[in-house]
Amino acid sequence: MTETLKLAGISVPTTPLIERALDYAHEACEPYLYNHVVRSWVFAERIGQLRNIEHDAEVLAVGALLHDITLNERFKGPRRFEVEAADLAHRFATDAGVDKYRAQLIWDSVALNSTPSIGLYKEAEVALCTAGICLDVVGLQYSAIPSSEMKAIVAEFPRLGMKRQMTKCFCHIAETTPGTTYDNFVRDFGERFVPDYKVPDSSVDLVAKAPFEE
């Protein structure tokens, strides 16, 4: 039987791998971001419990805890921050002995964390990870967590100005590595907040310029 621990009154699984992921996130993330990834994990796990969704608890935990490992003002690309984080999480998992299939689920959970239009329809672990993250960032499925539990989770892991802090990081990415933002949500932050940010071609332009005769 998997051991559990209580976070804000919620029982979540604990294993040596999960404990290492918590330590890794704590070392790599600023306080507000660490609280975000832990809340995302607790939200994701709790949604799975409330909806009786069978899932691999270790995969879900590692994906949620490491999904924003590259979201900081040191980020330099060269690819989307989610993809760079997915590779780091995959390496963390495989180095710990996680098999290929489970490591791929972790990669997908991280890479798709900000693309709910895809992630929510993937495997249970990916879908739950996406749900927990999107709940914490934009309030998606906010009512899925009972209000008393929501208050307890946020009290134990406070947001610490997350909206402002994340906006700052997204703007940094749009300013310093704009090529990683043109096909994802960071583009919105670039267009609204970053002077001289300009998307070279829209999707309409790309289709029109495709190198075919018709």
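Being buried (at least 21 other Cβ atoms within 10 Å of the Cβ) and in a helix (DSSP H, G or I) is a property that H26 lacks.
Residue count for region 186-214 under the criterion of being part of a loop (DSSP other than H, G, I, E, B) and surrounded by 11 or more Cβ atoms within 10 Å (Cβ to Cβ): the result is 4.
Of all the criteria given as (1) touching a residue at least 24 places away in the same chain (Cβ under 8 Å); (2) surrounded by 17 or more Cβ atoms within 10 Å (Cβ to Cβ), the one not satisfied by G161 is (2).
If you go through region 129-144 and pick out every residue that is among the hydrophobic types (A, V, I, L, M, F, W, C) and buried (at least 20 other Cβ atoms within 10 Å of the Cβ), you end up with 5. Can we say L135 is modelled with pLDDT of 95 or more, under 22 Å from V186 (Cβ atoms), over 10 Å from the mean Cα position of the chain (by Cα) and not β-branched (V, I, T)? Here the answer is yes, as L135 does meet what is asked. When the criteria are applied in full, E156 meets the requirement of being surrounded by 14 or more Cβ atoms within 10 Å (Cβ to Cβ) and closer than 25 Å to N35 by Cα. Filtering region 46-75 to residues that are surrounded by fewer than 24 Cβ atoms within 10 Å (Cβ to Cβ) and charged (D, E, K, R) leaves R51, E54, D56, E58, E73, R74. None of T94, T70 is assigned to a loop (DSSP other than H, G, I, E, B), touching a helix residue (DSSP H, G or I) at 6+ places or on another chain (Cβ under 9 Å) and modelled with pLDDT of 95 or more except T70.
The values are calculated or read from the model by the stated rules, or taken from the named source; none is laboratory data. Everything quoted here is computed from the prediction, not taken from an experiment. So basically every Cβ, Gly included, is an ideal-geometry build from the backbone, and we count neighbours across all protein chains shown.
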